[in-house]
Amino acid sequence: MVTALDTKGEKIGITVNSFNSVSLNPPLVLWSIGEDSQSFSAFIAAEHFAVNVLATHQQDICEQFAARGSNKFDGLECSDGIAGIPILPEFSAAFECRAVNCYDGGDHKIIVGRVLKCEDRKTDPLIFYRGHYLK
């Protein structure tokens with residue numbers, strides 16, 4: 001789950017299926033967003049973002065953020081991360097990042113961020129594999 005603020009300061013969020021570590025020094029991560037995503041322009045313009053790795057019991061939140069046009073943050077009391085980016089109330093791990101590069105990736109853009117803060121709650125992550133959530 002990636003969250004950020006748009007240019008008006010409104011919360012935006014999206015379920016992503018591509019998140020990777022790039023470098024340990026400096027600490028860099030990447031994720032991809034489809035050019036057809038409703039929040040594409042907002043994420044491309046965002047200076048900061050958070051990768052919220054969901055915990056095993058958060059399948060409903062994953063689906064809420066994957067739905068098009070819904071109020072993604074309905075019922076969630078997020079905390080403010082770096083530069084006000086929304087951090088989900090529960091997560092397995094959270095990476096607060098500053099966007100440093102954006103690359104073409106076919107019908108996606110690859111966004112690279114420098115990790116400024118990381119929290120690992122040492123809980124099992126939610127895993128989606130071959131069309132199913134793993135238990």
For region 3-14, name all the residues that are surrounded by fewer than 18 Cβ atoms within 10 Å (Cβ to Cβ) and without any contact (Cβ under 8 Å) to a residue 60 or more places away in the chain. Asp6, Thr7, Lys8, Glu10
Residues of region 77-117 satisfying the condition of being closer than 22 Å to Glu10 by Cα and assigned to a loop (DSSP other than H, G, I, E, B): Glu77, Cys78, Gly81, Ile85, Leu88, Pro89, Glu90, Phe91
Taking region 103-115 and keeping residues surrounded by 15 or more Cβ atoms within 10 Å (Cβ to Cβ) and not basic (Lys, Arg) leaves Gly105, His108, Ile110, Ile111, Val112, Gly113, Val115
Mind listing whichever residues of region 15-52 are under 20 Å from Glu119 (Cβ atoms), within 15 Å of the chain's Cα centre (by Cα) and in a strand (DSSP E or B)? Phe19, Asn20, Ser21, Leu28, Val29, Leu30, Trp31, His48, Phe49, Ala50, Val51, Asn52
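Considering only residues that are of a type in the set (Phe, Trp, Tyr) and modelled with pLDDT of 95 or more, look in region 41-72 and name the one that is surrounded by the fewest Cβ atoms within 10 Å (Cβ to Cβ).
Step by step, filter region 41-72, then rank; the result is Phe43.
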Kindly indicate the residue of region 116-135 that is in contact (Cβ under 8 Å) with a residue 60 or more places away in the chain and not aliphatic (A, V, I, L, M) and also surrounded by the fewest Cβ atoms within 10 Å (Cβ to Cβ) among those meeting that condition. Lys135
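The values are calculated or read from the model by the stated rules, or taken from the named source; none is laboratory data. This is a predicted model, so every value here is computed, not measured. Cβ atoms come from the backbone with ideal geometry, glycine included; neighbour counts cover every protein chain shown.
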